[in-house]
1. Where the second residue is assigned to a loop (DSSP other than H, G, I, E, B) and among the small types (Gly, Ala, Ser) and the first is more than 13 Å from residue 48 (Cα to Cα) and lies in the stretch 64-81, which pairs have Cβ atoms under 7 Å and are six or more apart or on separate chains?
2. Of (1) part of a strand (DSSP E or B); (2) at pLDDT below 90, residue 11 satisfies all except one. Which?
3. Do you know which residues across the stretch 47-75 are surrounded by 13 or more Cβ atoms within 10 Å (Cβ to Cβ) and not in a strand (DSSP E or B)?
Amino acid sequence: MGVGHPACGRHDLGDNLYEDVRTSARNVVERSRTFYGVLKVEEYAKDDPVAHELRLMHGGTTHGLQYVAPERRGEPTSYYTAAAALD
């Protein structure tokens, strides 16, 4: 929830947007602006060695996901599956 206005105790749109940005920025480890827009690398499950992952994001779209653990780094993720691999 947003912090709200102390005098009236209500939450407004600005508070909600601030909270969304603050929460979203928490996982960002890299951000870059290109001709096409802003690309971000977000990190999730940092405390879990098996589930620890990095995601390449453009807006709300995940364009890539890679596990950090060496034994999982090559696993197909997001758009891809083992059955879709080219031989």
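1. 64/78; 65/78; 76/85
2. So residue 11 meets the others, but not (1).
3. Let us first name the residues in the stretch 47-75 that are surrounded by 13 or more Cβ atoms within 10 Å (Cβ to Cβ), namely 51-58, 62, 64-69, 72, 75.
Of everything in the stretch 47-75, those that are surrounded by 13 or more Cβ atoms within 10 Å (Cβ to Cβ) and not in a strand (DSSP E or B) turn out to be 51, 52, 68, 69, 72, 75.
The values are calculated or read from the model by the stated rules, or taken from the named source; none is laboratory data. Because the structure is predicted, anything quoted here is derived from the model rather than measured. Cβ sites come from the backbone with ideal geometry, for glycine too, and all protein chains shown count toward neighbours.
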